[in-house]
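What follows is a short report on a single structure.
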Amino acid sequence: MEKYIEIIDAVKSFGSVKALQGVSITVKKGEVVLIIGPSGSGKSTLLRSVNRLERLDSGRILIDGESVTDPGADIRHIREEVGMVFQSFNLFPHLTVLDNITLAPICVLKKNKDEAIETARRLLAKVGLSDKEKAWPEQLSGGQQQRVAIARALAMNPKVMLFDEPTSALDPEMIKEVLDVMTELAREGMTMLVVSHEMGFARAAAHRIIFMDAGQIVEEAPPETFFTSPREERTRKFLEHIL
């Protein structure tokens, strides 16, 4: 498989805090890579750097061979091709579900309205919410709002999907419905970089797990190896707390 996301020696500080200390990761096309680690380990900063929500102090990031980090990079084009789903759902409260999903394809990609609506309805069916297209965000559960957020990101037909702890704000009974959608995306071959501590998803869908601490990669392995025989003591201690 070809390299699709290349993160090369990423460095980022916030004042005296070193969020990323020379992190390098390669994600192949169709691969699902899960990043875990304690709070403050740099995992969300790394993810946000992939679509330039954070600007690295040094290092390079490429997506499908195109630089994200060069000064002349086309940020708008990058964000069209990199879908991102956050902890909070960030739906527009004054727009219906259908309008939330069609807004960017119409305004940014210049799709005609009928085509955008057709795509939105197909994606709503995909995330199990065909009956909610006329609903307002406030009428939806947290899990439903997050599934709409995933559909909205997919409506841009991204090459890559980034998920930053997408279930952390959800009640336990709503987590599965979001993870089911993510697992199906993984099965379909979507390239995904995911920050999450949902170990069931890790076992079901991840090709590799990366454990970060203090802005560095401590360990990297396939799920079957990572959970059963981690090499590093720091990894073992972390897993004791989350498993």
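Each value in this text was obtained by applying a stated rule to the coordinates, not by laboratory testing. Since we're looking at a predicted model, the values are computed, not measured. Using ideal geometry, Cβ is built from the backbone for each residue, glycine included, and neighbour counts are taken over all protein chains shown.
Let me know the shape class of region 113-176, please: from the alpha-carbon gyration tensor, a ≥ b ≥ c as square roots of the eigenvalues, rounded when a/c is under 1.5, otherwise prolate if a/b is greater than b/c, or oblate. Here region 113-176 falls in the oblate category.
Where does the chain land at 222 nm, in deg cm²/dmol rounded to the nearest 500, when only DSSP H runs of n ≥ 4 count, each adding -39500 (n - 2.57), divided by all residues? Per the formula, -11000 deg cm²/dmol. Stretched out straight at 0.36 nm per residue, the stretch from Asp74 to Ser130 would grow longer than its current Cα-Cα span by 16.7 nm.
Full extension of the segment from Arg60 to Glu188, taken as 0.36 nm per residue of separation minus the current Cα-Cα distance, would add 43.2 nm. Measuring between their Cα centroids, region 146-187 and region 11-56 lie 19 Å from each other. For His77, neighbours were defined as the other residues whose beta-carbon sits under 14 Å from its Cβ, and their charges (Lys and Arg +1, Asp and Glu -1) total -1.
The packing ranking, built from the mean of other Cβ atoms within 10 Å per residue, places the peptides 62-71, 5-14 in the order 5-14, 62-71, highest first.
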